[in-house]
Each structure stands twice: as C-alpha cells, then as structure tokens.
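The values are calculated or read from the model by the stated rules, or taken from the named source; none is laboratory data. Because the structure is predicted, anything quoted here is derived from the model rather than measured. Note: ideal-geometry Cβ built from the backbone for every residue, glycine included; neighbour counts use all protein chains shown.
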Amino acid sequence: MIAEIILFPMIDTHAHLDFPQYDADRDDIIKSGFENGLEAVINIGTDMESSRKSIELAEKYEHIYAAVGIHPHDSKAVSKDYLNRLKEMASNKKVVAIGEIGLDYYRDHSPRDIQRKVFAEQLELAKELRLPAVIHIRESLDDSFELIRKSGVRKGVLHSFPGNANQCRIGIELGFLISFAGPLTYPKSNRPDAATALPLSKILTETDSPYLTPQAFRGRRNQPEYVRYVIEKLAEIFSPYTFDDIERITSANARLLFGLPGGQKGTIVYKIRRSLYINLTNRCSCGCYFCPRTAAKQEYVAGHDLRLTGEPTVAQVLEAVKRETDFDEVVFCGLGEPTIRLKEMLEIAGALKTEGHRVRLNTNGHGSLINRIDLPLKLTGLIDRVSVSLNAHNADTYNRICRPDKGPAAYNGMLEFIEGCLKAGLETVVSVVDLPEVDIEACRGIAAEMGAEFRLRKYSRGDG
Ligand code: SF4
Ligand SMILES: [Zn+2]
C-alpha cells in the first residue's frame with residue numbers, strides 16, 4: 001500500500017545527446033545526469049540518422065526514450081520512402097513521440113513549401129501511430145497552427161515555445177503542452193510572462209541540449225541535468241509552489257503525455273506548497289464532471305497520482321504524516337470525500353490535534369447526509385477550518401455539475417452544513433470552481449450572506 005518511492009523525478013523532455021558535441025564524453029554526461037537528479041531523458045531525432053541514433057541511445061540506457069522525426073531544417077533532404085522508414089523506427093517500444101517536426105522560417109534552411117509538406121506528412125504519421133508530436137516553431141506561428149489544426153493531431157508539445165501567453169493558450173486549446181528550456185532563465189526573457197499565465201498541468205521542462213544553456217552556464221554546452229535551472233525558475237515564477245512541487249508536476253505531465261513509467265502510486269499523504277494532504281478514500285457522494293476522479297484516463301492532482309489501491313488505515317495515515325516535515329497544516333482532501341470515512345477521519349484528526357497540528361477539512365458538505373448526523377457539532381475541537389465546495393448558485397446547476405448521489409436534497413444539505421459549521425464556530429470557507437455555467441457573483445453573495453469566507457478556484461489550472 002505504501003507508495004513506491006522515486007528518488008529522481010526530473011525529466012528532460014527534449015535533448016540531442018546523439019549530436020557530435022557529446023562525442024568525447026557522451027556516456028559521462030548521461031551518467032552524471034542520472035546521478036544528479038534525472039529520472040528520464042527523451043532524445044529527439046532531427047533527421048533519419050539522428051532518429052536512428054536516438055533509438056540506439058534509448059536501447060542502451062533504460063531511462064532514455066526516443067522521438068523520431070525530420071526537423072524542418074532537414075526537410076529538403078528527405079528520401080521518397082522516409083515516412084515508411086520513420087514508421088518502422090517508431091515501432092520500437094522505446095520510441096515515445098514523433099519529432100522534432102515543424103516549421104522554421106527564421107533560418108529557412110529548407111524551402112518553406114517543402115517544410116510545410118514534410119511537417120503535414122509527419123503530423124499525419126503521428127496521428128496514425130497515436131504518438132504525441134514534438135513541435136518546433138520559429139517565426140512560423142500562423143502556418144504551424146494552421147497545419148496542426150488541419151491535421152487533427154491533438155497531442156504533443158510545443159518545444160521551447162517562444163510564443164506569448166495568448167499564443168501559448170492557443171497551443172493548449174489545440175491539445176498541446178508548452179515546454180520551457182534555458183531561455184526562461186535569461187534576464188531579458190519574456191517567457192516568464194507567458195509561463196505565469198499557464199496552468200501548471202500544461203507545462204513541461206526540457207534543455208534542448210546541447211543548445212539553449214540556462215543562464216547559470218550560458219555560453220557553454222548544455223546538458224540534461226541543467227533542466228534543474230528551468231525547474232528552479234518555474235518555482236520562482238509560480239511561488240509559493242516549491243522546486244519539489246514543480247519537479248513533481250512537470251514530471252507527471254511528461255509521464256502522462258509520453259506514456260513513461262514511474263511516479264508515485266497510491267499516494268496516502270501528499271504535499272503541495274506548505275500543506276500536507278491526506279487521501280483517505282477515492283469514494284465520493286458526487287461525480288463532478290471536472291474531477292480527475294471521474295476522468296476516464298489517468299490524471300494527477302498537482303503531480304500526485306491519488307488513485308488508491310486500497311483505503312489506508314488510521315495507523316498508516318498517521319505513520320505517513322510522521323514521515324513528513326515542513327508543513328503548516330494537515331488537510332483532509334484527496335481524491336474522494338473524506339467524511340465517507342468519518343470514524344477514521346475523526347480518529348486521525350484527534351491524533352493530529354494532540355500533536356498540535358492545524359487541521360483543515362475539504363469537503364463537498366454532504367457529511368451530515370451521508371452519516372445521518374449533525375456533523376458540524378462533531379467537528380469542534382478536531383477541525384480548525386472547513387472548506388466546503390459550494391460549486392453552484394442554485395440546486396439545478398449544482399446537480400448538473402456535481403451529479404450528487406443524494407439527488408435534489410444534496411444542495412440544501414450542503415448549505416445547511418455550511419450554516420452548521422459557522423454556528424459551531426469553525427473557520428468556514430465556501431469555494432467555487434470558475435466554471436462557465438456558474439454565476440460566481442451570486443455564489444459570492446451566498447457566502448457573504450451566511451458570513452463565510454469565499455474562495456474562487458481556477459478550473460483551468462488543473463493543479464489542485
Ligand atoms: S466532490 Fe470533490 S472528490 Fe467528489 S467528485 Fe466532486 S471534485 Fe471529485
Ligand atoms: Zn531540438
């Protein structure tokens with residue numbers, strides 16, 4: 001039940017370790033990377049030869065993966081059967097993407113019409129093979145987006161993307177993640193402004209080694225372990241998220257996109273910023289359409305895989321909490337409704353209070369309905385702060401969004417719970433996710449009328 005621990009979670013999603021710059025010390029650079037915090041590297045092909053060499057590296061090293069493809073610079077030199085040859089290479093199980101492909105109108109090493117043709121053909125290949133596309137865009141935004149749109153490819157990454165926040169958003173709407181490299185760390189870079197506007201669940205990190213060396217080593221050859229500086233910069237941009245948060249979230253994003261193994265499974269206790277969360281159950285009395293729990297595919301919450309393989313015991317939770325340091329509060333939250341396991345929750349809360357911890361409960365507010373008791377009365381002395389998901393300005397909207405088991409009684413039951421918490425003297429926060437069908441101002445009004453704090457959560461962030 002206790003999760004498998006991954007010690008080295010940084011992932012460089014874009015490197016060219018096959019390039020001649022590493023001929024003298026390739027193995028040393030790779031070894032050093034894995035000794036200094038890398039979990040995985042994706043080596044990216046730029047032509048037939050480098051795609052072949054990427055596979056060779058991936059076969060030699062367990063944690064190196066390959067992408068195969070023709071870079072726009074090399075598109076003028078493709079052979080007649082290049083697509084078949086790429087397809088054959090992509091059948092290797094260490095090949096996780098088609099790339100790098102795209103358009104480069106800055107250097108124009110290949111005529112633009114040929115670049116467009118080869119890009120479109122490789123997008124088709126990515127679609128046929130259901131592999132993500134690793135895309136290079138330089139001074140070619142409109143044409144690139146148009147070709148991606150036409151292709152129907154909706155899975156991939158815009159690598160070291162130079163676009164502004166709005167252009168990044170278009171990329172995300174097309175289904176792509178945005179990857180940041182060394183330029184994010186340059187003093188005059190405008191990339192931090194673009195990054196700030198993005199949901200963390202859509203960000204990847206890379207080095208583009210041997211190029212784009214981060215500021216700390218600028219002017220020298222880059223190497224995969226320097227992805228650390230990109231993560232560090234993102235942590236600065238997204239503060240109070242920490243280096244560990246960013247590393248974990250971006251690595252989880254990379255694993256999901258490229259289908260890489262690893263990660264911590266069945267997490268019982270997890271940290272985001274300075275809060276420690278307890279994942280008590282995956283059961284819930286709601287089926288909110290925006291919840292990762294109801295998503296068909298694997299999803300993470302701030303980089304944590306919260307799908308439990310079994311519900312943890314009280315002892316397991318308390319042991320897991322004991323192993324953690326450096327947090328300001330403990331929160332019952334997780335991927336499910338904690339009050340479904342009320343007995344265990346109260347026992348854990350009691351033990352935590354004895355140890356002097358501050359305790360918060362994040363809940364859908366159905367606890368009284370679920371347990372057929374007046375729950376707020378039971379919480380005094382055990383829970384300091386309660387955060388209740390109001391989620392809608394009326395019962396109809398609530399039922400559409402949250403699809404509660406308790407049917408029409410759920411919305412009013414939740415409102416009564418909030419009132420009960422306030423009466424019981426608990427710090428009470430009412431939260432709403434900024435979904436388009438929700439009247440946020442009306443929700444704010446409901447909270448104000450009851451005398452509760454109000455918190456708006458961003459749906460698009462996808463980071464808990
Ligand atoms: S109440 Fe929370 S855990 Fe339950 S389905 Fe909704 S978002 Fe998910
Ligand atoms: Zn590259």
- Matching residues in region 404-426 - criterion: being closer than 24 Å to L335 by Cβ and at pLDDT 95 or above: P404, A410, Y411, G413, M414, F417, I418, C421, L426
- L280 meets each of (1) outside any helix (DSSP H, G or I); (2) surrounded by fewer than 24 Cβ atoms within 10 Å (Cβ to Cβ) with one exception, condition (2)
- Query: For region 28-47, which residues satisfy the criterion of being over 13 Å from I98 (Cβ atoms) and within 16 Å of ligand 2 (Cβ to nearest atom)?
  - Reply: V41, N43, D47
- Is at least one residue of region 352-364 in the same structural domain as E449 (by TED's automatic domain parsing), of a type in the set (D, E, K, R) and under 17 Å from R283 (Cβ atoms)? no
- Note on the structure: Scanning region 209-234 for residues that are touching a Ser or Thr at 6+ places or on another chain (Cβ under 6 Å) and either of a type in the set (F, W, Y) or over 15 Å from Y186 (Cα atoms) (or both) gives Q223, P224, Y226, Y229
- Item | Subset tally (residues that are in a strand (DSSP E or B) and touching a residue at least 40 places away in the same chain (Cβ under 8 Å)) for region 41-97 | 9
- Filter result (assigned to a helix (DSSP H, G or I), surrounded by fewer than 21 Cβ atoms within 10 Å (Cβ to Cβ) and either in contact (Cβ under 8 Å) with a residue 24 or more places away in the chain or within 15 Å of ligand 1 (Cβ to nearest atom) (or both)) within region 305-339: V314, Q316, L318, A320, V321
- Only residues that are β-branched (V, I, T) and under 19 Å from the mean Cα position of the chain (by Cα): list them for region 163-201, please. I170, I172, I178, T196
- Determine which member of the set S144, S201, S140 is crowded, with 18+ Cβ neighbours inside 10 Å, within 16 Å of ligand 1 (Cβ to nearest atom) and either more than 18 Å from A15 (Cα to Cα) or among the hydrophobic types (A, V, I, L, M, F, W, C) (or both). S201
- Note on the structure: So, first residue of a type in the set (D, E) in region 222-240, second residue crowded, with 20+ Cβ neighbours inside 10 Å and in a helix (DSSP H, G or I), Cβ within less than 7 Å, six or more apart or across chains; the pairs are E225/G33
- Task: List every residue pair whose Cβ atoms lie under 6 Å apart, where the two residues are 6 or more positions apart in sequence or sit on different chains, the first residue falls within region 170-189 and is assigned by TED's automatic domain parsing to the domain that holds R221, and the second residue, located anywhere, is surrounded by fewer than 18 Cβ atoms within 10 Å (Cβ to Cβ).
- Result: G175/R154; G175/K155; P183/S189; T185/Q215; Y186/Q215
